[in-house]
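One structure is given below, encoded as structure tokens.
The values are calculated or read from the model by the stated rules, or taken from the named source; none is laboratory data. None of these values were measured; they are calculated from a predicted model. FYI the Cβ positions are ideal-geometry reconstructions off the backbone, even for glycines, and counts take in every protein chain you see. Accessible surface areas use protein heavy atoms only, side chains included; no ligands, DNA or RNA. Shrake-Rupley method; radii C 1.70, N 1.55, O 1.52, S 1.80 Å.
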Amino acid sequence: MRDRKVLGQQILDHLKLYNDLGVRWVRSPEVREQAASQGPDKRNAPAAPASRPSPAAFKTMAYTSMFDQAPAAQESLEVIRADLGDCRRCKLSSSRKNIVFGSGNPRAELMFVGEAPGADEDDQGLPFVGRAGHLLTKIIEAMGMRRDEVFICNILKCRPPGNRNPEIDEIAACEPFLFRQIASVKPKVICALGAYGAQTLLRTTEAIGRLRGQLIDYRGAKLIATFHPAYLLRNPNEKRKVWEDMQVIRQYLRSLHRPE
Ligand code: SF4
């Protein structure tokens, strides 16, 4: 009886999140399985392929084209992690418990990039595992994907003490590893989570409210900025804007699999 009550509450919580996000329908697991069985390149295939826009139909912000550098030669994530080693390249090494390298599909089409690990991530050595991470997982699932289908990491691999903002020398020391991760995974879309992360990646002071929702050419992929899940926990009314951004991602990924 108690199990049924717990399950009922979990379902209610889930539906409430979907409602907050503005989700109006969900694809059944059977339909999703069917799409997956059509092959890895068609895993995002919608029910009505003929209506998909072409990738060129998506507006791209032009002013950031200076960041659209060619990705470096591809190397495996294992090689990059080995090179990072027990990193002491910046002062965060003295206070961290664990390096949080990132996790997920090494061939993901979608990569989420946050700012830096928090306390839970530092404890476990995994990205986005606290309350904000739990919300991110739910958002990914609401997109019709699994968390292990995407790749999740941060600009900094070590926790800044007290969750303070990263400093310039720390970003300079750690960011090359993120760029190598991007070149290795070769995502089609990079979703920058949070104002600070997006501004750092794009070298801009533009407000997240102006950056979000736009596809920006970035290192051979499209970058889209959106609010950080931790911000959403404090401002649940903004969930719908994040969902709008996730729709842009989903539609762009689908457009890449558009039948000719
Ligand atoms: S934040 Fe990055 S550069 Fe600094 S110690 Fe950690 S892994 Fe090394």
Test PRO166 against the criterion of being open to solvent by 50 Å² or more (accessible area, probe 1.4 Å) and within 16 Å of the ligand (Cβ to nearest atom), and give yes or no. no
The residue from PRO117, PRO106 that alone is modelled with pLDDT of 65 or more, in contact with a helix residue (DSSP H, G or I) (Cβ under 7 Å, 6 or more places away or on another chain) and part of a loop (DSSP other than H, G, I, E, B) is PRO106
Restricted to the range 233-260 and to residues being touching a residue at least 40 places away in the same chain (Cβ under 8 Å) and basic (Lys, Arg), the residue nearest to GLY130 (Cα to Cα) is LYS239
Residues of the range 106-129 being open to solvent by less than 30 Å² (accessible area, probe 1.4 Å) and either touching a residue at least 40 places away in the same chain (Cβ under 8 Å) or within 11 Å of the ligand (Cβ to nearest atom) (or both), in sequence order, are ALA108, GLU109, LEU110, MET111, PHE112, VAL113, GLY114, ALA116, PRO117, GLY118, ASP122, PHE128
Taking the stated definitions as given, is ALA192 touching a Lys or Arg at 6+ places or on another chain (Cβ under 6 Å) and open to solvent by less than 20 Å² (accessible area, probe 1.4 Å)? no
Would you point out which residue out of ILE99, ILE140 is out of contact with any Ser or Thr (no Cβ under 6 Å at 6 or more places or on another chain) and either open to solvent by less than 10 Å² (accessible area, probe 1.4 Å) or under 18 Å from SER184 (Cα atoms) (or both)? ILE140
Examine the range 210-226 for a residue that is in a helix (DSSP H, G or I) and open to solvent by 10 Å² or more (accessible area, probe 1.4 Å), and state whether such a residue exists. yes
Kindly list, by first and then second residue, each pair from a residue in the range 154-177 that is at positive phi to a residue that is outside any helix (DSSP H, G or I) and more than 9 Å from the ligand (Cβ to nearest atom), limited to pairs with Cβ atoms under 6 Å and residues at least 6 apart or on different chains. ASN163/GLY118
Criterion violated by ALA73 - all others in (1) under 28 Å from ILE168 (Cβ atoms); (2) open to solvent by 30 Å² or more (accessible area, probe 1.4 Å); (3) modelled with pLDDT of 95 or more satisfied: (3)
Looking at ARG81, is it in a loop (DSSP other than H, G, I, E, B) and of a type outside the set (A, V, I, L, M, F, W, C)? no
